[in-house]
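**Student:** Quick one: the structure is below, and I'll ask about it shortly.
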């Protein structure tokens, strides 16, 4: 996209906001609706149509994940949080409080190569020393970090204010206090429902929040916990609209996102500031998304976005203005008893993007600096491209076998998932150009009893198809304990065994960087407690 296209998208965003604001206000939606799966089964909350919850909205009506939804993939066993219900009258002012707690104890087991007097040969690591860099392609979400989120909202049918407090750690569980893990007020935004008719739905999110595109799960970011198209996080406005005519629904999202501040020059990257990047400039992302849904069973989407920086304070000051372009198409197919399929194709073009900040993340990799370190290489001039394919398929065998009877999830079930992502790198750095990356896996969860489920997962990560020594695989059996089939609480006991190639490298140090001298752990035991409300 050229600069003319960028300016046109930005102008369209503000024009839409102005037009929508002049429409009589309708119903607002500040959080994810009460959800149903591909068979019509309610996922969390009271039964649809009761006084506690108004009738559910049909699935497949959004091109991105709702900003209030947790930044966490589906919990083991396939359960996904669904927050709250929506007031139905302008005078129905309501305070809502929702949240999610996910706190794992993870222990890695290893051995000393040369134990000295008074030293045991066995050693224990928390967190485990494994090749699970959240911002890298190799991240599988099999050993996720803690996540605690509380949503506070107040509003009526027309407008709702939402404040989200989040943290990546819990102070009482830390061995040292790490300020960047305590996110504090992570999101603060207003949601306006400016049109709510049987055919037309339009809402505006205005403030500080994140839009996530390429979510591989039916209601979450998928087994990898990674939006494979892009995550845009900052302060701005996003318009979300749908227009229904018969069996078809047209979908649109358009907006612009920036950030509240810029890392000042002269401040040294350090642990207390999250190793900020003072060389990045002020960055903005105009974005446009169009789609169509058929009978709530199939959906296709087109995604266009540009992250750009034109800031004379970015260093070096003589570098060209940079941008990251994303063009993607994706599709969902909800096949009732035959499960749910998601597939996406994305191309990310990177042009002199050293100054682009983390206002955009590509597969969790932040901004131009992250793209250079993870994909393009130090001698690329931060120029190149990524071509990415991703897919995930989920099937409830219990739902399939019980057809045509309705299955509400209150009984034994077997849930199977297969998933994978492929990325090809083109770079001006010859050491990185032409690298092809692939990761894939499968998960199987069986619930014989309301309080017990048995699950297993296999993952394989190939960081360079031409170099098998950079490959690792993981086998992870687990036991899931809960208070019922549709419980919102879980205690998961998981064991993972890692098969690491000779050139698989883990990160260490401050800031974290690849360290080939460290031997990764091969066995990891995790005790994970989670609950949402």
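**Student:** Which count do you get for residues in segment 253-290 that are out of contact with any helix residue (DSSP H, G or I) (no Cβ under 8 Å at 6 or more places or on another chain), at pLDDT 95 or above and more than 28 Å from residue 134 (Cβ to Cβ)?
**Tutor:** Number satisfying all stated conditions: 1.
**Student:** Suppose we filter segment 495-526 for residues that are within 10 Å of residue 108 (Cβ to Cβ), assigned to a loop (DSSP other than H, G, I, E, B) and within 24 Å of the chain's Cα centre (by Cα); how many remain?
**Tutor:** Number of matching residues: 0.
**Student:** While we're here: Look at residue 260 and say whether it is surrounded by fewer than 23 Cβ atoms within 10 Å (Cβ to Cβ), over 21 Å from residue 197 (Cα atoms) and touching a strand residue (DSSP E or B) at 6+ places or on another chain (Cβ under 8 Å).
**Tutor:** Taking the combined requirement at face value, the residue satisfies it.
**Student:** Starting from residues that are touching a helix residue (DSSP H, G or I) at 6+ places or on another chain (Cβ under 9 Å) and modelled with pLDDT of 95 or more, keep the ones in segment 324-351 and report whichever is surrounded by the most Cβ atoms within 10 Å (Cβ to Cβ).
**Tutor:** 350
**Student:** Just give me the residues in segment 465-518 being in contact (Cβ under 8 Å) with a residue 40 or more places away in the chain, surrounded by fewer than 14 Cβ atoms within 10 Å (Cβ to Cβ) and under 21 Å from residue 224 (Cβ atoms), in sequence order.
**Tutor:** If the condition is that a residue be in contact (Cβ under 8 Å) with a residue 40 or more places away in the chain, surrounded by fewer than 14 Cβ atoms within 10 Å (Cβ to Cβ) and under 21 Å from residue 224 (Cβ atoms), then 512 is the only one that fits.
**Student:** Say whether the condition of being part of a loop (DSSP other than H, G, I, E, B), at pLDDT 95 or above, in contact with a strand residue (DSSP E or B) (Cβ under 6 Å, 6 or more places away or on another chain) and closer than 28 Å to residue 469 by Cα is met by at least one residue in segment 434-443.
**Tutor:** yes
**Student:** Does segment 174-187 contain at least one residue that is assigned to a strand (DSSP E or B) and over 24 Å from residue 270 (Cβ atoms)?
**Tutor:** Taking every residue of segment 174-187 in turn, at least one turns out to be assigned to a strand (DSSP E or B) and over 24 Å from residue 270 (Cβ atoms).
**Student:** Related question: Would you call residue 279 under 23 Å from the mean Cα position of the chain (by Cα) and not in a strand (DSSP E or B)?
**Tutor:** No: the conditions fail for residue 279.
**Student:** When you scan segment 297-310, how many residues do you find that are surrounded by 19 or more Cβ atoms within 10 Å (Cβ to Cβ) and either in contact with a helix residue (DSSP H, G or I) (Cβ under 9 Å, 6 or more places away or on another chain) or over 13 Å from residue 326 (Cα atoms) (or both)?
**Tutor:** 7
**Student:** Going by the conditions given, is residue 321 farther than 23 Å from residue 71 by Cα, touching a helix residue (DSSP H, G or I) at 6+ places or on another chain (Cβ under 7 Å) and surrounded by fewer than 20 Cβ atoms within 10 Å (Cβ to Cβ)?
**Tutor:** It is false that residue 321 is farther than 23 Å from residue 71 by Cα, touching a helix residue (DSSP H, G or I) at 6+ places or on another chain (Cβ under 7 Å) and surrounded by fewer than 20 Cβ atoms within 10 Å (Cβ to Cβ).
**Student:** Regarding residue 127, is this residue buried (at least 18 other Cβ atoms within 10 Å of the Cβ), closer than 18 Å to residue 474 by Cα and at pLDDT below 95?
**Tutor:** no
**Student:** Go through the residues of segment 134-147 one by one and say whether even a single one is out of contact with any strand residue (DSSP E or B) (no Cβ under 6 Å at 6 or more places or on another chain), at positive phi and in contact (Cβ under 8 Å) with a residue 40 or more places away in the chain.
**Tutor:** Checking segment 134-147: at least one residue is out of contact with any strand residue (DSSP E or B) (no Cβ under 6 Å at 6 or more places or on another chain), at positive phi and in contact (Cβ under 8 Å) with a residue 40 or more places away in the chain.
**Student:** In segment 446-464, how many residues are buried (at least 21 other Cβ atoms within 10 Å of the Cβ), touching a residue at least 40 places away in the same chain (Cβ under 8 Å) and assigned to a strand (DSSP E or B)?
**Tutor:** 5
Yes/no per residue for (1) within 26 Å of residue 500 (Cα to Cα); (2) touching a residue at least 40 places away in the same chain (Cβ under 8 Å); (3) touching a helix residue (DSSP H, G or I) at 6+ places or on another chain (Cβ under 7 Å):
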site	(1), (2), (3)
376	yes, yes, no
382	no, yes, yes
385	no, yes, no
390	yes, yes, no
401	no, no, no
409	no, yes, no
412	no, no, yes
420	yes, no, no
444	yes, no, no
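**Student:** Now a separate question. Just need a number here: residues in segment 388-424 that are out of contact with any strand residue (DSSP E or B) (no Cβ under 6 Å at 6 or more places or on another chain) and either surrounded by fewer than 17 Cβ atoms within 10 Å (Cβ to Cβ) or modelled with pLDDT of 90 or more (or both).
**Tutor:** 10
**Student:** When you check residue 103 against the structure, is it in contact (Cβ under 8 Å) with a residue 40 or more places away in the chain, outside any loop (DSSP other than H, G, I, E, B) and under 20 Å from the mean Cα position of the chain (by Cα), yes or no?
**Tutor:** Yes.
**Student:** A further question on this structure: What single numbered condition from (1) within 30 Å of residue 142 (Cα to Cα); (2) crowded, with 18+ Cβ neighbours inside 10 Å fails to hold for residue 281?
**Tutor:** It is condition (1) that residue 281 fails.
**Student:** Just checking, does segment 159-173 include any residue being under 30 Å from residue 500 (Cα atoms), at pLDDT below 90 and either in contact with a helix residue (DSSP H, G or I) (Cβ under 8 Å, 6 or more places away or on another chain) or not in a loop (DSSP other than H, G, I, E, B) (or both)?
**Tutor:** Checking segment 159-173: at least one residue is under 30 Å from residue 500 (Cα atoms), at pLDDT below 90 and either in contact with a helix residue (DSSP H, G or I) (Cβ under 8 Å, 6 or more places away or on another chain) or not in a loop (DSSP other than H, G, I, E, B) (or both).
The values are calculated or read from the model by the stated rules, or taken from the named source; none is laboratory data. Remember, predicted model here, so these are calculated numbers, not experimental data. Positions of Cβ are backbone-derived with ideal geometry, glycine not excepted, and every protein chain shown enters the neighbour counts.
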